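**Student:** To start, I am sharing the structure in question, which I have written as structure tokens.
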Amino acid sequence: YSIVPAITLDGIIAYDIVEGPVDTERFLKFLKEQVMPFTSPYPGPHSVLVMDNCGIHHGDGIRHLV
């Protein structure tokens, strides 16, 4: 199983648990459906998204969405 959380200073605001590894499509769906509704334009609350250098974080779909 893989767990993908979205964490803020207030704690976890969204998560997804999947069987097996998370691919770019699954991560994009998670961002679009569970994370982006909590975001706002910069410099508003939850306007900065920090991700590490994982390969699934660099897809064109991810870049376009955020």
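The values are calculated or read from the model by the stated rules, or taken from the named source; none is laboratory data. If you're wondering where the values come from, they're calculated on a predicted model, not measured in any experiment. Methodologically, a virtual Cβ is constructed for each residue, glycine included, from the backbone with ideal geometry; neighbour enumeration extends over all protein chains shown. Just the protein is used for accessible areas: all its heavy atoms, side chains included, with ligands, DNA and RNA removed. Shrake-Rupley method; radii C 1.70, N 1.55, O 1.52, S 1.80 Å.
**Student:** What about ILE17, is it free of Cβ contacts under 8 Å to residues at least 40 places away in the same chain, within 16 Å of VAL66 (Cβ to Cβ) and of a type outside the set (Phe, Trp, Tyr)? Break it down into steps so the answer makes sense when it comes.
**Tutor:** Details: free of Cβ contacts under 8 Å to residues at least 40 places away in the same chain: yes; within 16 Å of VAL66 (Cβ to Cβ): no; of a type outside the set (Phe, Trp, Tyr): yes.
In short, no.
**Student:** I'd like the full set of residues that are hydrophobic (A, V, I, L, M, F, W, C) and open to solvent by less than 40 Å² (accessible area, probe 1.4 Å), limited to the stretch 1-56. If you could, list the steps in order and put the result at the bottom.
**Tutor:** Here is the first cut: in the stretch 1-56, the residues hydrophobic (A, V, I, L, M, F, W, C) are 3-4, 6-7, 9, 12-14, 17-18, 22, 27-28, 30-31, 35-36, 38, 48-51, 54, 56.
Answer for the stretch 1-56, where residues must be hydrophobic (A, V, I, L, M, F, W, C) and open to solvent by less than 40 Å² (accessible area, probe 1.4 Å): VAL4, ALA6, ALA14, VAL18, VAL22, PHE27, PHE30, LEU31, VAL35, ILE56.
**Student:** Another question, if that's okay. Go through the stretch 6-46 residue by residue and tally those that are closer than 19 Å to ILE62 by Cβ, of a type in the set (A, V, I, L, M), assigned to a strand (DSSP E or B) and within 12 Å of the chain's Cα centre (by Cα).
**Tutor:** 4
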